[in-house]
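First up is the structure itself, then whatever we jot down about it.
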Amino acid sequence: MSISIDKSKCISCKRCQVVCPGSLIKSDDNNKAYIKYPKDCWGCTSCIKECPVYAIRFYLGADIGGMGSLVHTEKNGDILKWIIEHPDGEVSEIDINQKESNKY
Amino acid sequence: MKIKKLKTDILIIGGGTAGCYAALTVSENSDAEVLICEKAHIKRSGCLAAGVNALNAYIVEGRVPQDYVDYAKKDADNIVREDLLLTMSERLNSVTERLEQLGLVILKDKDGKYVTRGNRNLKINGENIKPILAKAVKNLPNVKVLNRVNITDFEVENNRIKGAFGIGIENDTFYTIEANAVIIATGGAAGLYKPNNPGFSRHKMWYPPFNTGAGYAMGINAGAEMTTFEMRFIALRCKDTIAPTGTLAQGVGAKQINSFGDVYETKYGLTTSERVYGTVNENQEGRGPCYLRTEGITQEQDEALKKAYLNMAPSQTLKWIESGKNPSEQNVEIEGTEPYIVGGHTASGYWVDTKRATTVKGLFAAGDVAGGSPQKYVTGALAEGEIAAFSAIDFLKNNEIQAIDLTSTDKKIKEVENFLSDKNSRFTTEQLEEAMQTVMDSYAGGIKTNYRFNEKQLDIADRKILGLQKLSDNLYASDFQELMYIYELRERLTVCRSVIAHLKARKETRWHSFAENLDYPEKDNKNFLKYVNSRLENGEIKIIFRDLQEGGKPYEHIN
């Protein structure tokens, strides 16, 4: 479980660095965010929800059955949209209304 | 390295579930100044970073707090403190209402009543539960939050707490913090044992990998009495993603089955530990892998499950989507995790009185660090934060803040400087952490031995952990984040030694898997309907057996 950060999208706002519960994200020499300790990521997706330019994706490690899909979220009002980009280019989306409770 | 000295009425160590609620309580009920030290950032720190799927501790209509006490007592086979469980249970519903006022979405029926899941649970949207709590704390006038300050030690003299020492991991600062009262709320300990997936995904564990047992270790080192470290928590989880299983079991009624399709839970019993034990045994006897039977659920249930997991453990939903098969089309494989020490699920932690005062004067404990009261979940941690806060407010009335001696501060600064000076250390912190996990896995009942152990193995474990403690004296940190990693390792090693001592002291097997002593494979009610407690005296762990406190009457520290 870890994340990858698209440096070309990063606007150096540091919101991901602030929120990471493991303090794992740092700035590189160009002030762009990168994950310094990829093996220490918990997979909580806090950074992904913070990123205003959707530069961060999370994925499952191959050792736990990951097949290369990348996940991020986009927030629009009460809707948190989860976007899963598959290696073949296909995209799945799941919308969650944050004002609605889980069914289970 | 910069050096800073701070002073506050109440220091709260850990800005997670219990810590945030304690701050809220102090602020609303007194003028006391509060300082929260949080090693990450309170917006998403602690157990609730990714969210939580349900509130699992609530007294539903027609039930009373004592019912919850009885449930927890049965699940732990009597080794609980009923006074703690009762005082917690009495507050579960009021803290729930407060959470709703703060902004948590809780499912209600058309009459405005909470919709319940089973006897104790409420349905919520808990993805943003931690930001909600953090926001409530941020707006409080007398509460200051220091993010990215990792507290490493208490300062205690004559059994009275004076404050704590810590390091600012982003500002290269050493902190001395004087406080009249301290509430410890650092959570439990993950990472003592080798995890399910020790490679790239080593931190894909259920309990937060950043909860490293700091609160336990500081208490142990300060001579506080601790309880029930031998009741380890092993969670039954979805394989690989280590995502919770309750949503499947209680949400869609999925049963535990083996690879032959047989429901095996009835064979072993339904307590938390029996469910793990059954799964281990089915695998060992050749009937694995084991699953939660989800095949045949409806398409609507599929979609609801995927959403529910996104709100708590998104990796499991990704797993379903990547495999191209929904839970209705494939059963969910399950496995036991590595053992954690976590007083919110089992009863490990500080030995506290009913007011959540520890045996160190001025030190109070709440949430996963506080012992004796299992099955807390989120609302129980809030309730304990509230109780500890009221007790700390009371304490301030009759006690004065005490100055920390310069000699203590200097000694601690020297220790920090030693870690920061390059001395051609043979090993890295990461190497010693791996060594610790291997030792615990092999000799103290890890996954490798199906959670079983005997006394000879425990003796080996203790010797090896002691050796690692010595090696850790010579570690080197090139920056303050690495310095935190050294302290985290040392905390874990301290906790490991106590866990080993407790496992050895309970010469029976009361809970399969959680504490399965092969030298004593049977339960021994004659000798072990007792708490196993301990205290560090002159560097040695002294075991103290205490009689069970039954009936819920208030408990005070006397001896």
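I'd like to verify a number: residues in the range B:290-321 that are closer than 17 Å to B:SER201 by Cα and open to solvent by 20 Å² or more (accessible area, probe 1.4 Å), how many?
Going through the range B:290-321 one residue at a time, the tally reaches 1.
Does the range B:263-283 include one or more residues that are assigned to a loop (DSSP other than H, G, I, E, B) and either in the same structural domain as B:ALA49 (by TED's automatic domain parsing) or at pLDDT 95 or above (or both)?
Initial filter on the range B:263-283 (assigned to a loop (DSSP other than H, G, I, E, B)): B:264, B:269-271.
Retained after the next criterion (residues that are either in the same structural domain as B:ALA49 (by TED's automatic domain parsing) or at pLDDT 95 or above (or both)): B:264.
Yes: one or more hits.
Going by the structure shown, is A:LYS39 more than 8 Å from chain B (Cβ to nearest Cβ) and either more than 18 Å from B:ILE321 (Cβ to Cβ) or part of a strand (DSSP E or B) (or both)?
Values: more than 8 Å from chain B (Cβ to nearest Cβ): no; either more than 18 Å from B:ILE321 (Cβ to Cβ) or part of a strand (DSSP E or B) (or both): yes.
No: the conditions fail for A:LYS39.
Could you please give the count of residues in the range B:1-26 that are under 18 Å from B:LYS397 (Cα atoms) and open to solvent by less than 20 Å² (accessible area, probe 1.4 Å)? Step through it out loud before you land on a result.
Step one: of the range B:1-26, the residues under 18 Å from B:LYS397 (Cα atoms) are B:7-12, B:22-23, B:25-26.
Filter again for open to solvent by less than 20 Å² (accessible area, probe 1.4 Å), leaving B:8, B:10-12, B:22-23, B:25-26.
Residues that pass the stated criteria total 8.
Of the residues B:LYS138, B:LYS123, B:LYS39, which is open to solvent by 10 Å² or more (accessible area, probe 1.4 Å), facing another protein chain (nearest Cβ under 9 Å) and modelled with pLDDT under 95?
Working: B:LYS138 fails: facing another protein chain (nearest Cβ under 9 Å); B:LYS39 fails: modelled with pLDDT under 95.
Only one candidate passes the filter, namely B:LYS123.
Does the range B:206-214 contain at least one residue that is out of contact with any strand residue (DSSP E or B) (no Cβ under 9 Å at 6 or more places or on another chain) and open to solvent by 10 Å² or more (accessible area, probe 1.4 Å)? Outline the logic, then answer.
At the first step, the residues of the range B:206-214 found to be out of contact with any strand residue (DSSP E or B) (no Cβ under 9 Å at 6 or more places or on another chain) are B:208-210.
If we keep only those that are open to solvent by 10 Å² or more (accessible area, probe 1.4 Å) as well, we get B:210.
Yes - at least one qualifying residue is present in the range B:206-214.
Restricting attention to the range B:311-342, and to residues there that are part of a loop (DSSP other than H, G, I, E, B), in contact with a Phe, Trp or Tyr (Cβ under 8 Å, 6 or more places away or on another chain) and more than 14 Å from every other protein chain (Cβ to nearest Cβ), which single residue is nearest to B:PHE210 (Cα to Cα)? First the steps, then the outcome.
Start the filter on the range B:311-342 by keeping residues that are part of a loop (DSSP other than H, G, I, E, B), which leaves B:311-313, B:324-331, B:337-339, B:342.
Restricting the remaining residues to those that are in contact with a Phe, Trp or Tyr (Cβ under 8 Å, 6 or more places away or on another chain) gives B:326-327, B:331, B:337-339, B:342.
Then drop every residue that is not more than 14 Å from every other protein chain (Cβ to nearest Cβ), which leaves B:331, B:338-339, B:342.
Values: B:ASN331: 31, B:GLU338: 15, B:PRO339: 15, B:VAL342: 13 Å.
Applying the filter and picking the extreme gives B:VAL342.
Among the polar types (S, T, N, Q) and within 21 Å of B:ALA217 (Cβ to Cβ): does that describe B:SER373?
On the way: among the polar types (S, T, N, Q): yes; within 21 Å of B:ALA217 (Cβ to Cβ): yes.
Considered against the rule, which asks whether it is among the polar types (S, T, N, Q) and within 21 Å of B:ALA217 (Cβ to Cβ), B:SER373 comes out as yes.
Have a look at B:LYS113, B:LYS74 and point out the one that is within 14 Å of another protein chain (Cβ to nearest Cβ), more than 30 Å from B:VAL145 (Cα to Cα) and open to solvent by 10 Å² or more (accessible area, probe 1.4 Å). Let's see the steps before the verdict.
Numbers: B:LYS74 fails: within 14 Å of another protein chain (Cβ to nearest Cβ).
From the options B:LYS113, B:LYS74, the qualifying one is B:LYS113.
Could you tell me which of the residues A:SER4, A:SER46 is more than 7 Å from every other protein chain (Cβ to nearest Cβ), closer than 27 Å to B:THR337 by Cβ and within 11 Å of the chain's Cα centre (by Cα)?
Values: A:SER46 fails: more than 7 Å from every other protein chain (Cβ to nearest Cβ).
From the options A:SER4, A:SER46, the qualifying one is A:SER4.
Has the range A:25-42 got at least one residue that is open to solvent by less than 60 Å² (accessible area, probe 1.4 Å) and closer than 28 Å to A:GLU100 by Cα? Reasoning before the result, please.
To start, the set of residues in the range A:25-42 that are open to solvent by less than 60 Å² (accessible area, probe 1.4 Å) comprises A:25-28, A:32-33, A:35, A:37-38, A:40-42.
Pick out the ones that are also closer than 28 Å to A:GLU100 by Cα and you get A:42.
Yes, the range A:25-42 has at least one match.
Does B:GLY286 fit the bill of being surrounded by fewer than 20 Cβ atoms within 10 Å (Cβ to Cβ) and within 14 Å of chain A (Cβ to nearest Cβ)? Give the steps one after another, and end with the answer.
Working: surrounded by fewer than 20 Cβ atoms within 10 Å (Cβ to Cβ): yes; within 14 Å of chain A (Cβ to nearest Cβ): no.
It is false that B:GLY286 is surrounded by fewer than 20 Cβ atoms within 10 Å (Cβ to Cβ) and within 14 Å of chain A (Cβ to nearest Cβ).
Pairs needed: first member in the range B:418-439, part of a loop (DSSP other than H, G, I, E, B); second member anywhere, polar (S, T, N, Q); C-beta distance under 6 Å; at least 6 residues apart or different chains.
Matching pairs, first to second residue: B:SER425/B:ASN474.
For B:ILE460, are the conditions met, namely being surrounded by fewer than 17 Cβ atoms within 10 Å (Cβ to Cβ) and under 23 Å from B:LYS504 (Cα atoms)?
Values: surrounded by fewer than 17 Cβ atoms within 10 Å (Cβ to Cβ): yes; under 23 Å from B:LYS504 (Cα atoms): yes.
Criteria met by B:ILE460.
Could you grab me the full set of residues in the range B:42-62 that are away from chain A (no Cβ under 14 Å) and either open to solvent by less than 10 Å² (accessible area, probe 1.4 Å) or in contact (Cβ under 8 Å) with a residue 60 or more places away in the chain (or both)? Talk me through it step by step, then tell me what you get.
Residues of the range B:42-62 away from chain A (no Cβ under 14 Å): B:57, B:59-62.
Listed by number, the residues that qualify are B:ALA57, B:ILE59, B:VAL60.
Name the one entry in B:THR359, B:THR407 that is farther than 24 Å from B:PHE174 by Cβ and either crowded, with 17+ Cβ neighbours inside 10 Å or modelled with pLDDT of 95 or more (or both). Working first, answer last.
Working: B:THR407 fails: farther than 24 Å from B:PHE174 by Cβ.
So the residue among B:THR359, B:THR407 that is farther than 24 Å from B:PHE174 by Cβ and either crowded, with 17+ Cβ neighbours inside 10 Å or modelled with pLDDT of 95 or more (or both) is B:THR359.
With the structure loaded, tell me whether B:GLU433 is more than 30 Å from B:GLU550 (Cα to Cα), open to solvent by 10 Å² or more (accessible area, probe 1.4 Å) and not basic (Lys, Arg) or whether it fails that test. Before the answer, list the steps.
Working: more than 30 Å from B:GLU550 (Cα to Cα): yes; open to solvent by 10 Å² or more (accessible area, probe 1.4 Å): yes; not basic (Lys, Arg): yes.
Against the criterion (more than 30 Å from B:GLU550 (Cα to Cα), open to solvent by 10 Å² or more (accessible area, probe 1.4 Å) and not basic (Lys, Arg)), B:GLU433 qualifies.
Take the conditions farther than 19 Å from B:LYS130 by Cβ, facing chain B (nearest Cβ under 10 Å) and either of a type outside the set (A, V, I, L, M) or open to solvent by less than 10 Å² (accessible area, probe 1.4 Å) (or both) and apply them to A:TYR59. Does it pass? Break it down stepwise before answering.
Values: farther than 19 Å from B:LYS130 by Cβ: yes; facing chain B (nearest Cβ under 10 Å): yes; either of a type outside the set (A, V, I, L, M) or open to solvent by less than 10 Å² (accessible area, probe 1.4 Å) (or both): yes.
Yes, satisfied.
The values are calculated or read from the model by the stated rules, or taken from the named source; none is laboratory data. Model, not experiment: these values are computed from the prediction. Don't worry about glycine lacking a Cβ; one is built from the backbone with ideal geometry, like all the others, and counts go over all protein chains shown. To get the accessible areas, we keep the full protein, side chains included, count just its heavy atoms, and leave off ligands, DNA and RNA. Shrake-Rupley method; radii C 1.70, N 1.55, O 1.52, S 1.80 Å.
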